[in-house]
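Right, one structure below, let's go through it.
The values are calculated or read from the model by the stated rules, or taken from the named source; none is laboratory data. The shown structure was predicted, so the numbers you read here are calculated from the model rather than taken from an experiment. Here Cβ is always computed from backbone atoms with ideal geometry, including for glycine, and neighbour counts include all displayed protein chains. SASA here: full protein model, heavy atoms, side chains in, ligands and nucleic acids out. Shrake-Rupley method; radii C 1.70, N 1.55, O 1.52, S 1.80 Å.
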Amino acid sequence: MTGPETGGIDPLLGFALVGALGVGSQWLAWRMKLPAIVVMLLAGLAIGPGLGVLDPHQDFGALMEPMLAIAVAIILFEGGLTLNFQGLRDARLGVRRLIFVGAPLGWIASAAALHWVAGLSWESAAVFGGIMIVTGPTVIAPLLRQARLKHRPAALLQWEAIVNDPVGALAAVLAFELVSVLVDAASLGEALADMAVGILAAAALGVLGGWGLSQAFKRGKVPEYMKVPVLFVAMLVVFALADSVLHESGLLAVTLMGVWIANAGLPSYEEMRRFKEHATILLVSGVFILLAANMSREMLLSLDWQALAFVLSVILLARPVPVLISLIGTNVPWKERLMVAFTGPRGVVLVAVAGLFAQRLVALGVDDAARIPALAFALVAATVVLHGFTLAPMARALGQTATETPGVLITGGSRWSVALGVALKKLELPVLIADPNHAHLRDAREAGLDTFFGDILSEAAEHRLDLVSYESLIAATDNDAYNTLVATDLAPDFGREHIFQLKRARGASSRHALPATLGGQRFGPDESYDEANARIAQGWEFRVSRLTEEFTMADWRAKNPQAKIVADLGPNGTFRLLGPDDTPKEADGVRLVVLAPKREERSEGRRDENGNDTLKGARAD
């Protein structure tokens, strides 16, 4: 079906296609354990210059530019909402250096690479070099989740990416204004004054917008069901007003607005942030598909050895050198500096803003600016693919991963929790037991388990714990309502498939039944807190068993008819907590965590029939 005005694909069908490919690419990347940005890039190239199914500028016409502008604004606003100053901790000095020292140095280095390597004029190099300060929060976030970096390098990269996005856009504005002055022979002072007024107006609008919304939400001036719509509309208004004063300054305004709200201590902050995260996933998917599809075959074919040399110079010199210089004198260890220096993926904002300024420079008579979109796309494609496949291995090589194997977080320091934690530790999995009662953690500390004294939902836990080290959670306190609250609140962070809780003591009654959207999955033998700890008191224990070709699952079940399997660890290191209806793996080399009646103590130093050492409190079959 074609549109009567565009002559291409119908705009409505085009939107549906972009949405389906964007979300479908994210899902496919999750299933195949690939970087989502790489899959989206390939999908966009396939339907655009590859098959010619979609030509965004032709099919969407005048809507294309405002759609991209609004999408980028929402993405940056959501990024600002994630920047809570308390999360900086020991990365505060490094972040300041990356913004105030690294960004200007990066601008100079990028402009030099564009002029001397890519062959652009100084006018085009100065404008595009400012945009290249941007490292792409839309790309950084999924890469950090995949690589599971430690807190400080992750914080440095995240803050730099989000804060430098509007800084890069404003640097481009500054360079463009100067180029305009040189071309039009206008007053330099007048141009700089206009730019200063625009930046101040944008900053004021962002701060006032954030302060006004925070006050309205705190004082109950906006009902709960309207908070997200009001937030969304206010962000659009602030962006449009700032952008009308100075092009691209709206990005600064919405970023400041998001940061203000993130640090305002709003009671509904988590709900608002998660809604914005969901919207951002949709927008990032759609925008990346659109930008990749918008590349023409001619533009792709224009990429030559100069473009390759330019990309290499940015990855190997223009990015790492300014970062390493800016971090001199900080408390950031050299391995973390290398991690940050050689991690600089570019994303949606770079391509969108570069394309916009390229058009304006060409209109001013700077002809070689027409090469900017192709160079921007080459840089984005190269850095996305490179970092998508190398960030995790590089982090492991430098020792910057939070953990090699995703661990388990258990809330509640009961004897049952400690026994399970000891068994999981035998599998060399990170285990953390959290409890607000210090006395409840005594057994866990004596067993050598990591502990957190405090509420797992508190701000202290959010800012002090590297939760990225833990892939699964078991809510196992003696308070069923609290277990349900923990499982519900942390499900968006861990993924509902990784959240478990002990059975509610009164869950069978319809009067006390909760909706399926609340709480976590059933765990293990599906027992309540009292039932689970009663088993431990009766002598049951957690054990670890290994399956082999000679000792199969059938053999194990014959020897352990009463045992309950609660988790398995595959030969490839894939760990799963199991519910009562889940089927454990049965391959050779699989290790099982089971709950079974206590056996008679074996003689000291004796091994079982599978060669596993026995454990005290969490034995090996």
| field | Answer from Leu188, Leu174 - the residue that is among the aliphatic types (A, V, I, L, M), farther than 24 Å from Glu78 by Cβ, open to solvent by 60 Å² or more (accessible area, probe 1.4 Å) and modelled with pLDDT under 85 | value | Leu188
| Unique residue being touching a strand residue (DSSP E or B) at 6+ places or on another chain (Cβ under 6 Å) and either under 29 Å from Phe288 (Cα atoms) or open to solvent by 20 Å² or more (accessible area, probe 1.4 Å) (or both) when the list is Ala395, Ala382 | Ala395
| Residue count for region 548-588, restricted to those that are outside any strand (DSSP E or B) and in contact with a strand residue (DSSP E or B) (Cβ under 7 Å, 6 or more places away or on another chain) | 9
| note | Among the residues of region 31-83, the number that are at pLDDT below 75, outside any helix (DSSP H, G or I) and among the hydrophobic types (A, V, I, L, M, F, W, C) is 2
| Answer residue from region 11-67, given it is free of Cβ contacts under 8 Å to residues at least 12 places away in the same chain and small (Gly, Ala, Ser) and is nearest to Val349 (Cα to Cα) among those | Ala62
| Restricting attention to region 194-213, which residues are open to solvent by less than 50 Å² (accessible area, probe 1.4 Å) and at pLDDT below 75? | Met195
| Index of the failed condition, Phe342 passing every other in (1) touching a Lys or Arg at 6+ places or on another chain (Cβ under 9 Å); (2) open to solvent by 20 Å² or more (accessible area, probe 1.4 Å); (3) modelled with pLDDT under 85 | (3)
| query | What number of residues in region 114-130 are assigned to a helix (DSSP H, G or I), of a type in the set (Gly, Ala, Ser) and open to solvent by 10 Å² or more (accessible area, probe 1.4 Å)? | reply | 1
| query | In region 428-447, what count of residues is obtained for those that are crowded, with 19+ Cβ neighbours inside 10 Å and in contact (Cβ under 8 Å) with a residue 40 or more places away in the chain? | reply | 3
| said: Name the single residue that is most open to solvent (accessible area, probe 1.4 Å) among those in region 487-514 being assigned to a helix (DSSP H, G or I) and at pLDDT below 75. | reply: Asp493
| Do you know which of the residues in region 309-331 that are buried (at least 19 other Cβ atoms within 10 Å of the Cβ) and of a type outside the set (Val, Ile, Thr) is farthest from Leu375 (Cα to Cα)? | Leu327
| request: Check region 356-379 and report whether any residue there is crowded, with 24+ Cβ neighbours inside 10 Å, under 20 Å from Leu149 (Cα atoms) and under 29 Å from the mean Cα position of the chain (by Cα). | output: no
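Suppose we filter Leu63, Leu21 for residues that are more than 15 Å from Leu282 (Cα to Cα) and open to solvent by 40 Å² or more (accessible area, probe 1.4 Å); which single one remains? Quick ask: steps written out before the conclusion?
On the way: Leu21 fails: more than 15 Å from Leu282 (Cα to Cα).
Selected residue: Leu63, the only one of Leu63, Leu21 that is more than 15 Å from Leu282 (Cα to Cα) and open to solvent by 40 Å² or more (accessible area, probe 1.4 Å).
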